[in-house]
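To start, the structure itself, in C-alpha cells.
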Amino acid sequence: MQTLTPKQEEVIRNKSQYKVLNWGRRSGKTTVFAYEALGTALSINNAKITYYAQTFGDARDIAWDIFLEVFGGAVIKKNETLLEIIVANTKGGTSKITLRGWESVVTSNKGRGTENDLLLVDEVAFCRGFKEYYNKVLDPTLLTTNGRAVFGSTPNGFNDFYDLANLAQNNEKWFYSHATSYDNPFNNTEWLENKKKEITQDSFEQEYMADFRKMEGLVFKEFSRERHLYDTDVTRFDEYIAGVDFGYTNPAAVPHIKRDGDDNYFVEDEWYATERSEEQIADYVRDCKFNRVYPDPENPSAIALLNSKGVAVMEVMKGKGSIKSGIDRIHFLFKMGKLHIHKRCINLIWELENYRYPNRKDGHNEEEVPIKEDDHLIDALRYALSTNKNDNIVSPEQRARNWFEQKRNLTNNAR
C-alpha cells in the first residue's frame, strides 16, 4: 500500500456521492482514483467501475500500473489488452474495473446503455465536450445503481471543468477539493521553485497551483461563447456549404455552414466520426445536399469520389500560406460578428477553445503555424471560409480607408 498524503486521505474518507478534485500537476489524483475504485470494488458485490483518462494510451501508460499496485492481492484476473481488472470482494463475489479513453465516448458513445457503481473521470479539463457527453452518455449509467462519480483535473482555461468546479463549491451535496503541487510532500519543492522562474506566471499558477487562468497561445482569442454561440436553427439562408477534413483513425470532420443574405455565416451542425472510409464520407456529404463543398486539397482520391457522386466540389487553396490565410479569415469573421456557432457543435467549440500556437523556449508563442492537434473541424472550417468569399463584409478600418479614398477622389474631381 502507498503512503497517502493528507489531501488524498481527505478525499478518500469523504462519503459524498459526487466529488471534484481541482489539483495541480503531480498532486496524486490518479492514486486517489485507484483507492476510490478499490473501496467500491471491495464493498459492493459485482460492482462495475469505469475509469476514463483523456486517451486510452494515458489509461494504459499512466493509470494501469497505479491501479494494479493499489489493488494488490485483491486482483484475481487482469486483461492488459482491454485494460480490465477483476478483483475479489468482501461479499464473496467479484467486481470489475475497466480503464478507458475519453475518445471512445466522443467518437462512438462507448458506455451508453451500461451500468456503473462508480465513474472516475480524469483530466476533465482536457476531455473534449465533457459536459455534453457526460450528461448524455455516462451520467445515466449511474441511475439504476445510485452510483457515485469522482472527477479530477488540472485546470485548462475556463471550460467545462471550471463550471464543474464551481458547481461542486456551491452544492452542499458535492465535495470539492483543491490541491497544489506543493501539497504532495513527495514533490521536490526546489524543482517547483525553479519551474516558477522558467515559465510565465499564468502557466505556473494554472499547472501547479490549480488556479484557473486563460490558456496561453490561443489562436482564436476573440472567440466568445457569449458573443458567438446561438441555439435557434437558421431557416432563412442563401447558401448551404461545408468543408471536409478526411480521416479514418483521426476523425473525419464536416461543419455544416449556412450563409444568409447579410453575409453572416452560421455553423449549424457538425459531423465528427472515426473509422469512416472515403466512400462513407463521400456518401454522407452527398446525402447532406450542400450547395458547395470545400474538401481537404491534399486528398485527391477522396475528392475524386465526391465528384463521382455528383457533389459540387470547389477547389481549395493549398500550401503553408493557406493555413495562415484560413486562420486570418476566421479571425476576421469573428471580430466582425459575422461567424456564429450553434451550441450543439460541441467538438468545434472545443477546438476553438483549445487550438493554440507552440511555446518557444523564450516563453513567447510562435504565431505562425498552430500545433497540429484539436483542429479537424477547424481545418474543414477554414477550407470553406477562406475559399467561399461571396460576401461583401468590410472591416471598420477598410471602411475608413474607402471613405478617405472616396473623399480624395471627390476633391480631385472638383479641381
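None of the figures in this text is laboratory data; all of them are computed from the coordinates on show. Keep in mind that this is a model prediction, so the values were computed, not measured. Quick reminder, even Gly has a Cβ in these numbers, built from the backbone with ideal geometry, and neighbours come from all protein chains shown.
Results, tabulated for the structure shown:
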{"quantity": "Inter-part distance where the range 241-315 and the range 325-354 are each reduced to a Cα centre, Å", "calculated": "17"}
{"quantity": "CD proxy at 222 nm, helix term only [per DSSP H run n ≥ 4: -39500 (n - 2.57); per residue of the chain; nearest 500]", "calculated": "-10500 deg cm²/dmol"}
{"quantity": "Sequence-distant lysines (8 or more away, or on other chains) whose Cα lies within less than 16 Å of K131", "calculated": "K19, K110, K343"}
{"quantity": "Ranked list, fewest to most other Cβ atoms within 10 Å of each Cβ, for Y357, Y383, Y134", "calculated": "Y357, Y134, Y383"}
{"quantity": "Residue exposure sequence - R356, R13 - by fewest surrounding Cβ within 10 Å", "calculated": "R13, R356"}
{"quantity": "Sequence-separation-based contact order of the range 6-207, relative, with Cα cut under 8 Å and 6+ spacing, percent", "calculated": "31"}
{"quantity": "20 Å Cα-Cα reach of K197 towards aspartates and glutamates, excluding residues that sit fewer than 8 places from it in its own chain", "calculated": "D183, E205, E207, D211, E216, D362"}
{"quantity": "Which labelled figure in (i) 25.0, 102; (ii) 22.0, 70; (iii) 23.5, 74 is Rg and Dmax of the Cα atoms in Å, once derived from the coordinates", "calculated": "(i)"}
{"quantity": "Mean shadow area of the range 6-207 over all directions, Cα convex hull, nm²", "calculated": "11.6"}
{"quantity": "Among beta bridges that DSSP assigns inside the chain, antiparallel share in %, nearest 5", "calculated": "40"}
{"quantity": "Net charge over other residues, Cβ less than 13 angstrom from the Cβ of W64 (K, R count +1; D, E count -1)", "calculated": "-4"}
{"quantity": "Burial ordering of V106, V75, fewest other beta-carbon atoms within 10 Å first", "calculated": "V75, V106"}
